Amino acid sequence: MSLDLPTPAVALAIGAHPDDVEFGAGATLAKWSAAGCVVHHLICTDGSKGSWDPTTDLAELVVTRQAEQRDAAAALGATGQCVFLGWPDGELDSGLRQRWEVAYWIRRLQPTVVLGHDPWKRYRLHPDHRHAGLLAVEGVVAARDPHFFPEQQLPHHRPDALLLFEADEPDHAEDAGGFVDAKLAALHAHTSQLRSTMFIDHTAPADEVRRQRQAFDDRVEQRLRDHRTGEPVERAEAFKLIDRL
Ligand SMILES: [Zn+2]
């Protein structure tokens, strides 16, 4: 297990849905932001399936989730952009069209480090997470080579490293100590997801809401503790590191 990349100048985190980046790498991005890194978010889908309520106004949900994503980025201390590609939730593909868009944003934002879902995680069910992961990987390849998509008229750009979260075979840890609260605050900013993703039911009595919120925070923190590498790193986010790009 390698530990802690040098703080990048610019990071681009690519998620399938609003909230994926915070789950996968929130503490790492908060840590880098605090050290002066410009953190950008690129969200591939519109998040329009993120509700258990069959009567939800989906157009409104999309707007709400974009605002929540911006709030979450702010909670991490991120100073970069939140870019929304707006593909329909649940229908993301990793075709040429989508790869073109991801490569375009990598070239525009010129990240030192790109973060994304591990597309090769075994037994992963959600197709958007798999496709978003492939887009991060294949977007890097297209962005770094000058003869891909020359009509973009942007200089090609080769990041130094790619970090895959939810990794099938993690081999790199980022110390999350001191940034657990920022990660939790960013996750809680996704208010529309409290029920379906975090199992916090705001219509329950206040005591019960508090208990559910604590249970969620405990689960997140336990996951960080599972990746600890030992003294002095007691909480960590784990990744697959690809640094020969
Ligand atoms: Zn997701």
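The values are calculated or read from the model by the stated rules, or taken from the named source; none is laboratory data. Everything numeric here is computed off the predicted structure, so don't read it as measured data. Note that we place each Cβ from the backbone using ideal geometry, even for glycine, and neighbour counts take in every protein chain shown. Accessible surface areas use protein heavy atoms only, side chains included; no ligands, DNA or RNA. Shrake-Rupley method; radii C 1.70, N 1.55, O 1.52, S 1.80 Å.
Spin-label pair residue 93-residue 169: with each label point 7 Å from Cα along the Cα-Cβ axis, the two points sit 3.1 nm from one another. Taking 0.36 nm per residue of separation and subtracting the current Cα-Cα distance, fully stretching the chain between residue 181 and residue 160 would add 4.7 nm. Decide, for the stretch 147-232, between rounded, prolate and oblate: order the square roots of the alpha carbon gyration tensor eigenvalues as a ≥ b ≥ c, take rounded if a/c falls under 1.5, and otherwise choose prolate if a/b is larger than b/c, else oblate. Note, shape of the stretch 147-232 comes out oblate. The simple Förster model, with R0 at 25 Å and r as the Cβ-Cβ distance, assigns residue 207 and residue 49 a FRET efficiency of 0.20. Residue 211 contributes an accessible area of around 140 Å² to the protein surface, as traced by a 1.4 Å probe with all chains present. Straight-line reach from residue 31: taking Cα to Cα under 22 Å and skipping same-chain neighbours fewer than 8 places apart, the lysines in range are 183, 240. What's the center-to-center distance, using Cα atoms, between the stretch 4-63 and the stretch 81-119 in Å? Value for the Cα centre distance between the two parts: 12 Å. Kirkwood radius for the chain, taken over all pairs of different Cα atoms as the inverse mean of 1/r, rounds to 18.1 Å.
If you count only protein heavy atoms with a 1.4 Å probe, what accessible area per residue comes out for the chain, rounded to a whole Å²? Don't jump to the answer; show the numbers that get you there.
Numbers: 11270 Å² over 245 residues.
Accessible area per residue, the chain: 46 Å².
Rounded, prolate or oblate: which one fits the stretch 82-136, using the alpha carbon gyration tensor with axes a ≥ b ≥ c (rounded when a/c is under 1.5, else prolate when a/b beats b/c, else oblate)? Working shown, then result.
On the way: a/c = 2.12, a/b = 1.41, b/c = 1.50.
Taking the square roots of the gyration eigenvalues as a ≥ b ≥ c, the stretch 82-136 is oblate.
From the Cα gyration tensor of the stretch 19-143, with a ≥ b ≥ c the square roots of its eigenvalues, which class applies: rounded if a/c is under 1.5, or else prolate if a/b is larger than b/c, or else oblate? Since a/c reaches 1.5 but b/c is at least a/b, the shape of the stretch 19-143 is classed as oblate.
By accessible area of protein heavy atoms, probe 1.4 Å, what ranking do 244, 99 get, highest first? Mind showing how you got there, number by number?
Details: 244 220, 99 60 Å².
Per-residue accessible area, sorted high to low, gives 244, 99.
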